[in-house]
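Peer 1: One structure follows; several queries about it will come next.
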Amino acid sequence: MLPDGLKVDAIIVGSGAAGSHYAAKLAAGGKRVAILEAGPARSNADLVSSTLWARRLKWHGAPVLETGKNPVGHVFNAGYGVGGSALHHYAVWPRLHEGDFSLRSRHDRGLDWPISYDDLRPFYDAVQEEAGVSGDAEREIWRPPGAPYPMVPVPLMPQGALIAEGFKRVGLHTAPLPLAVNTQVYRGRAPCIWDGWCDAGCPIGALANPLTVHLPEALAAGATLHPDTTVTRVLTDSRGERAIGVQTVDAQGARGQVFADLVVLAAFTVQNARLLLASAGARHPDGLANSSGALGRYITTHLAAQIFGLHEQRTQPWLGAFGGQLLNQDHYDDKATHAASGALGSYQWMIAQAVKPNDLLGIAPSRPELFGAPLAAFMERAAQHFITMTGVIEDLPLAENRITLSERRDVNGVPLAAVARTSSSQSTALWDAAVLEGRRVLEATGASEVWSGSPAPMHIMGGTIMGADTRRSVANSFGQTHDIANLVIGGPGLFPTTGGVNPTFTVHALTARSAAYLLRNWRTITG
Amino acid sequence: MPLLSTRRELLLASGVGLLTFTLEGCARQMTPREAQQRGADLAVLTSQEAELVRALGEVLAPGSGEAGLAHYLDHQLGAGAARSMLMIKYLGVEPPFTSFYRDGLRALEDATRARFGQTFVTLDAARARALVEDIAAGRSENWAGPPAAFFYFVLRNDACDVLYGTQQGFSELGVPYLAHIEPPTPWGA
């Protein structure tokens, strides 16, 4: 039970990757921290190895109203409960590249970050040591500079070996996929047994999720965790210049207030923006931290390019990590590689995912047109001979792709988030080009059949972007909102551009950098 | 007493893997397959809807109807959004999902009657397949419900979940289950 009127040093809204990490660092720095989590408590015992049970980990809070040609897929991409979406993330942890930070300057499209790769590099290095990342830095010939991985890479299994040969035959490289998954005992945590249950949550501590790494650290340092506590509004002082706390409502409908010197919003991309917009008042009529008008804008997701095949050889496709075994980034650094077809952006291949027979990313939905006896025959064959890989395609940020508030309200009276998103022509052209390349690779493996899926949204980013220009962005590079110094945003909503890599590692690097800055400048920021 | 040869048999024998259904006014622990076979009460679907789901399941993924697709759907629709395991929750449909299924089933039945002058459950295999092919392609005439192709996609995936998404389903495909934590039941308590 959260005492009404509690006063702490820092409130963290959300307990996912960013929230749990902020809590750990601030609590270790001597701050009294309360983590407020809208969803239920979770423990490792909840991480049941089942594609069906795993669906209970996904978002089931207030509905998000999605429109546009490329909806963001909020329920699938967001988590609900302690650990947030990071509880069921696949722990693919590549770094952004230098060129990802200056898209506007280099290509006159999209946006620039207010920082460079060099600003984040030491934090990538520190986080990978802390959380544990496996990989082979030398074989990642495209990898930006940084410390080698602390663990040896994921082993190569039959599916990965076959597809690696396909890449080789078309003149492309592969390297072990960098994974925040233990390949050996690491800091007392067990190694992975490569059973492919990452999407259902890893209960053995092999995957660096919040329950395994940062929440235990936060709680050991004195932070308190309050599940079933929804924040409905950020409170400010009478002049609207400082955040003073938040309004809450618990699962029984009891309302309260919690006060703090610092408020960190780490409730994931859509809910962070929704909460700021819904906290509008006389001093901030368009929402908190929205003097720029940029709040809610530039919502993005990666476009997933799923390529599938059947091979004559048995591939044991159930083995490995859900994120895959191998990585290819051969065309990553030249964002204009496919400019002839109108494409712009970076992409990577995550190769040889462990798959299950059913579920949205499983074998059966890969051929949605099959039913009846042909489906049964396909399943029998594919269960033993399936191969797959997924392209992570950059999505250019567009101002019109936007989170706004609906007229509809949730059970607590807070307006629902409405999210409109349609990808740019450059991004969809890049997806098309990547799919052609991916099909060519799987065909080169000698696969008997190759097919591809439709563009699918993965990783929701933007909406509360960082920037150097206070007139065009919501926060600075530390997540501090331009308008209210002691109101901080955490998570991938800060990303001005997406790059073509999975975002969680960068979320952690940004969080580590911000937490160090906040602790170093605590009095100035909260005074 | 015969030896229990597999972990699944052990789980079933010990009562794990069973859901609570009502049979003749009494709460009974059964698998959805048993619930289907023994005609357990339905909480959400009508008996006509359940029969239609079973028949459609057999066309989409043969074996799923007999495996208890109708009772699985009925159980999940009664579970509430937080506990629901239906894939539809990923697909942009707001909970509760009952009206989606109910409207879709009604549209299926109406389209069947308009085209063949009979109910779906009485169609022979060729006619049922022809109708489902058109629904899957979104070209079904006389369809008044959720988008036909989307309804097909959802029900097909539900049928695949029932047939392939359990330890038994994995086993029948020769896929090692490799659980860290065994599901207490295949489809939720």
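Peer 1: Where does the range A:207-291 land on Rg(C-alpha)/(2.2 N^0.38 Å)?
Peer 2: 1.23
Peer 1: Same structure, new question: Roughly what would the spin-label model give for A:ARG523 and A:ALA161, points 7 Å off Cα along C-beta, in nm?
Peer 2: 6.3
Peer 1: Further question on the same structure: As an exercise, take the mean of 1/r over every pair of distinct alpha carbons in the range A:348-478, invert it, and state the Kirkwood radius in angstroms.
Peer 2: Hydrodynamic radius (Kirkwood, Cα only) of the range A:348-478 equals 18.3 Å.
Peer 1: Scan the range A:108-182 for GluC sites (Glu not before Pro) in coil per DSSP, keeping those whose Cβ has at most 13 other Cβ atoms within 10 Å, and list them by number. Don't skip to the answer; put the middle values down first.
Peer 2: Values: sites: A:GLU129, A:GLU130, A:GLU138, A:GLU140, A:GLU165; in loops: A:GLU138, A:GLU140.
Hits after loop and neighbour filter: A:GLU138.
Peer 1: Taking the simple approach of a point 7 Å from Cα along Cα-to-Cβ for both B:ALA114 and A:THR67, what is their distance in nm?
Peer 2: So the two model labels end up 2.9 nm from each other.
Peer 1: What's the percent breakdown of Cα-Cα distances in chain A across 20 Å bins, shortest bin first?
Peer 2: That works out to 24, 58, 17, 0, in percent per bin.
Peer 1: Would you work out what percent of the accessible area of the protein assembly as shown, with all protein chains in place, is carbon or sulfur (probe 1.4 Å)?
Peer 2: 52
Peer 1: Placing +1 on the Cβ of each Lys and Arg and -1 on the Cβ of each Asp and Glu in the protein assembly as shown, which of A:THR315, B:GLY92, A:PRO63 has its Cα farthest towards the positive end of the resulting dipole?
Peer 2: A:PRO63
Peer 1: Can you bin the range A:87-245 into rounded, prolate or oblate? Criterion: square roots of the alpha carbon gyration tensor eigenvalues sorted a ≥ b ≥ c, rounded for a/c under 1.5, prolate for a/b above b/c, oblate for the rest.
Peer 2: It is oblate, given that a/c is not under 1.5 and a/b is not larger than b/c.
Peer 1: Still on this structure, I have one more. Can you find, among A:LEU103, A:VAL435, A:ALA382, the residue sitting farthest towards the positive end of the charge dipole of the protein assembly as shown, where Lys and Arg contribute +1 and Asp and Glu -1 at Cβ?
Peer 2: A:LEU103
Peer 1: Further, regarding this structure: Provide Rg over Rh for the range A:106-179; use the alpha carbon set for both Rg and the Kirkwood Rh (inverse mean inverse pair distance).
Peer 2: Rounded to two decimals, Rg over Rh is 1.07.
Peer 1: Taking amide H atoms as placed 1.01 Å from N in the peptide plane, list the residues 5 or more away in sequence, or in a different chain, whose amide H sits under 5 Å from that of A:ALA418.
Peer 2: Those lying under 5 Å, H to H, from A:ALA418 are A:LEU65, A:THR404, A:LEU405, A:SER406.
Peer 1: Roughly how big is the protein assembly as shown's charge dipole about its Cα centre, with Cβ charges of +1 (Lys, Arg) and -1 (Asp, Glu), in debye to the nearest 20?
Peer 2: The dipole magnitude comes to about 1020 debye.
Peer 1: Amide H neighbours of A:LEU225 under 5 Å, at least 5 residues apart or on other chains, H built in the peptide plane: list them.
Peer 2: A:ILE35
Peer 1: Karplus couplings for the range A:129-143 from phi (6.51 cos²θ - 1.76 cosθ + 1.60, θ = phi - 60°), rounded to Hz, Gly and Pro as x?
Peer 2: Each residue's phi maps through the Karplus curve to give 6, 6, 8, x, 10, 9, x, 9, 4, 5, 6, 7, 5, 9, 5 Hz.
Peer 1: Kirkwood hydrodynamic radius, the range A:367-440, all distinct C-alpha pairs: what's the number in Å? Before the final figure, lay out the partial values.
Peer 2: Numbers: mean 1/r = 0.0601 Å⁻¹.
Final number for the Kirkwood radius of the range A:367-440 is 16.6 Å.
Peer 1: Then there is this: So if the hydrodynamic radius of the range B:32-105 is defined as the Kirkwood radius over C-alpha pairs, what does Stokes-Einstein give as its diffusion coefficient at 4 °C and 1.567 mPa s, in µm² per second?
Peer 2: In µm²/s, the coefficient is 104.
Peer 1: Quick one: dipole size for the range B:8-141, taken about the Cα centre, charges +1 on Lys/Arg Cβ and -1 on Asp/Glu Cβ, in debye to the nearest 20.
Peer 2: The dipole magnitude comes to about 180 debye.
Peer 1: Now for a different question. What are the ³J(HN,Hα) couplings of the range B:132-145, residue after residue, when phi is run through the Karplus curve with 6.51, -1.76, 1.60 and θ = phi - 60°? Round to Hz, x for glycine and proline.
Peer 2: With the stated coefficients, the range B:132-145 comes to 5, 4, 5, 5, 4, 8, x, 10, 6, 7, 6, 9, 10, x Hz.
Peer 1: Next question, about the same structure. Given contacts defined as C-alpha pairs under 8 Å and at least six residues apart, what's the relative contact order of the range A:442-492, whole-number percent?
Peer 2: 21
Peer 1: Choose one of B:ALA81, B:CYS26, B:ALA125: the residue whose Cα lies farthest towards the positive end of the charge dipole of the range B:7-146 (beta-carbon charges +1 Lys, Arg; -1 Asp, Glu; about the Cα centre).
Peer 2: B:ALA81
Peer 1: List, in order, the whole-Hz ³J(HN,Hα) value for each residue of the range B:99-108 obtained from phi through the Karplus relation with A = 6.51, B = -1.76, C = 1.60 and θ = phi - 60°; use x for Gly and Pro.
Peer 2: Here the 3J(HN,Hα) series is 5, 4, 5, 4, 5, x, 5, 5, 4, 4 Hz.
Peer 1: Would you mind computing Rg(Cα) / (2.2 N^0.38 Å) for the range B:86-175, counting N as its residues? List each step's numbers first, then the result.
Peer 2: Values: Rg = 14.5 Å, N = 90, 2.2 N^0.38 = 12.2 Å.
The reported ratio for this selection is 1.20.
Peer 1: Now a separate question. Taking a probe of 1.4 Å and counting only protein heavy atoms, give the total accessible area buried between chains A and B in Å², rounded to the nearest 100.
Peer 2: 3800
Peer 1: Let me spell out the model: positive unit charges on the Cβ of Lys and Arg, negative unit charges on the Cβ of Asp and Glu, origin at the Cα centre of the range A:89-128. What dipole size does that give, in debye rounded to 20?
Peer 2: Values: 5 positive and 7 negative charges, 27 e Å.
For the range A:89-128, the charge dipole is close to 140 debye.
Peer 1: If you don't mind, there's one more thing I want to ask. Excluding A:ILE299 itself, calculate the net charge of residues whose Cβ lies under 12 Å from the Cβ of A:ILE299, where each Lys or Arg counts +1 and each Asp or Glu counts -1.
Peer 2: Working: positive: A:ARG274, A:ARG297, A:ARG402, A:ARG421; negative: A:GLU66, A:ASP395, A:GLU400.
My count for the surroundings of A:ILE299 gives +1.
Peer 1: Mind checking the full-extension length gain between A:ASP4 and A:ASN412? Use 0.36 nm per residue of separation minus the Cα-Cα distance, one decimal, nm.
Peer 2: Additional length available on full extension: 145.2 nm.
Peer 1: Tally Lys and Arg at +1 and Asp and Glu at -1 over the other residues with C-beta under 12 Å from the C-beta of A:GLY245: what net charge comes out?
Peer 2: Residues near A:GLY245 contribute -1 overall.
Peer 1: Just need the relative contact order of chain A here, percent rounded to a whole number, with Cα pairs under 8 Å and 6+ apart.
Peer 2: Answer for chain A is 23 percent.
Peer 1: Given N residues in chain B, what is its alpha carbon radius of gyration divided by 2.2 N^0.38 Å? Numbers along the way, then the final one.
Peer 2: Values: Rg = 17.1 Å, N = 189, 2.2 N^0.38 = 16.1 Å.
With N residues counted in chain B, Rg over 2.2 N^0.38 Å equals 1.06.
Peer 1: When you count, for each residue, the other Cβ atoms within 10 Å and take the mean per peptide, how do B:145-152, B:33-40 rank with the highest first?
Peer 2: Peptide ranking by packing, descending: B:145-152, B:33-40.
Peer 1: Kirkwood Rh over alpha-carbon pairs of the range A:148-225, then Stokes-Einstein at 20 °C and 1.002 mPa s: what D in µm² s⁻¹, rounded to an integer?
Peer 2: Rounded, D is 146 µm²/s.
Peer 1: Moving on to the next point. When Rg is the radius of gyration of the Cα atoms in the range A:1-158 and Rh is its Kirkwood radius, what does Rg/Rh come to?
Peer 2: On the way: Rg = 19.2 Å, Rh = 19.1 Å.
That ratio is 1.01, to two decimals.
Peer 1: Which of the trypsin sites (Lys or Arg not before Pro) across the range B:57-112 are loop residues per DSSP, with 16 or fewer other Cβ within 10 Å?
Peer 2: Here the trypsin sites (Lys or Arg not before Pro) that fit, given the DSSP loop and packing criteria, are B:ARG83.
The values are calculated or read from the model by the stated rules, or taken from the named source; none is laboratory data. It should be emphasised that the depicted structure is a prediction, and the values quoted were computed from it without experimental measurement. As a convention, Cβ positions derive from the backbone with ideal geometry for all residues, glycine included, and neighbour counts pool all protein chains shown. For the accessible areas, the whole protein counts, side chains as well, though only heavy atoms, and no ligand, DNA or RNA atoms are used. Shrake-Rupley method; radii C 1.70, N 1.55, O 1.52, S 1.80 Å.
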